[in-house]
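Asks: Got a structure for you, written out below as C-alpha cells; questions coming shortly.
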Amino acid sequence: MSLMLQEIMHLPLSLSARMLELNRRVNNYFGNDVMVAAFFFELDFKKHELRYVAAGVTEFFADSAGARGRIKTPGLFLGVSASPEYEVGYLPIEKGDLFCFYSDGIADRLMAGTAISLDTDYEQVVAAIKQIGQEGVRWDDVTVLCIQIGDVT
C-alpha cells in the first residue's frame with residue numbers, strides 16, 4: 001500500500017483524480033468487507049491555500065483564519081464504489097494557522113465528547129491530541145499529523 005501511495009502522489013493529477021486512481025487500484029486488492037480510508041492534502045504557498053480530499057476520513061482540526069474547530073470531510077471509503085466522487089476542499093492559509101489531520105481513532109473520541117480548545121498554541125493542541133490517543137484508544141489505530149504554518153510569503 002505504501003508503494004502504491006508513493007506512485008500515485010507522483011502522478012501529474014489533481015487531488016481528486018489521485019484519490020480516484022487510488023480507489024481504482026484498491027478495488028483490485030480488497031473485498032467488500034475491508035474499509036480503507038485515505039486523506040490527501042496539498043499546501044500551496046503561492047495561492048495561500050490548503051487543498052484536501054478525503055475517502056472515509058471524516059474530519060480534521062483547524063485553528064485558522066479560514067475555519068475553526070473540527071472540519072467535516074465527505075468522501076466514501078476506498079473500494080466501496082467503482083465510480084465514487086471525491087470533492088476537493090479549500091481553505092485559505094496564513095502564518096500561524098494550525099491544522100491537525102488524524103485517523104478515526106482520534107475522531108471517534110472527539111465525537112464522544114472529548115474537546116480540543118481553540119485559541120491555544122500549537123504545543124497545547126498537540127498535547128491535547130496526544131492525551132486523547134493515550135486515554136483508552138486501544139481498539140483502533142491512532143495516526144496524527146499536526147502542522148503549523150510558518151511564513152507563507
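Only the coordinates and a few stated rules stand behind these numbers; no lab work does. Note that the structure is predicted; figures quoted are calculated from it, not measured. Neighbour counts are summed over all protein chains in view; Cβ atoms, including those assigned to glycine, are modelled from backbone coordinates with ideal geometry.
Asks: Could you please report the charge total around G75, scoring K, R as +1 and D, E as -1 over all other residues with beta-carbon less than 9 angstrom from its beta-carbon?
Replies: -2
Asks: Which number comes out as Rg/Rh for the range 2-148 once both Rg and the Kirkwood Rh are worked out on C-alpha atoms?
Replies: Radius of gyration relative to Kirkwood radius: 0.97.
Asks: Lysines near K47 by alpha-carbon distance under 17 Å, same-chain residues fewer than 8 away left out - which ones?
Replies: K47 reaches K95.
Asks: Let me check against my output: what whole-number percent is the relative contact order of the chain, with C-alpha pairs under 8 Å and at least 6 apart?
Replies: Relative contact order of the chain: 22 percent.
Asks: Show which aspartates and glutamates lie in cross-link reach of K130 when reach means a straight Cα distance below 15 angstrom and same-chain residues fewer than eight apart are skipped.
Replies: Leaving aside aspartates and glutamates fewer than 8 places away in the same chain, those within reach of K130 are D104, D108, D121, D140, D141.
Asks: To continue, here is another question. Tell me the mean residue ellipticity at 222 nm calculated for the chain from its helices only (DSSP H runs of n ≥ 4, each -39500 (n - 2.57), averaged over every residue, nearest 500).
Replies: The per-residue figure over the chain is -8000 deg cm²/dmol.
Asks: Taking the beta-carbon count within 10 Å as an exposure proxy, list S2, S103 from fewest neighbours to most.
Replies: By the 10 Å Cβ count, ascending, the order reads S2, S103.
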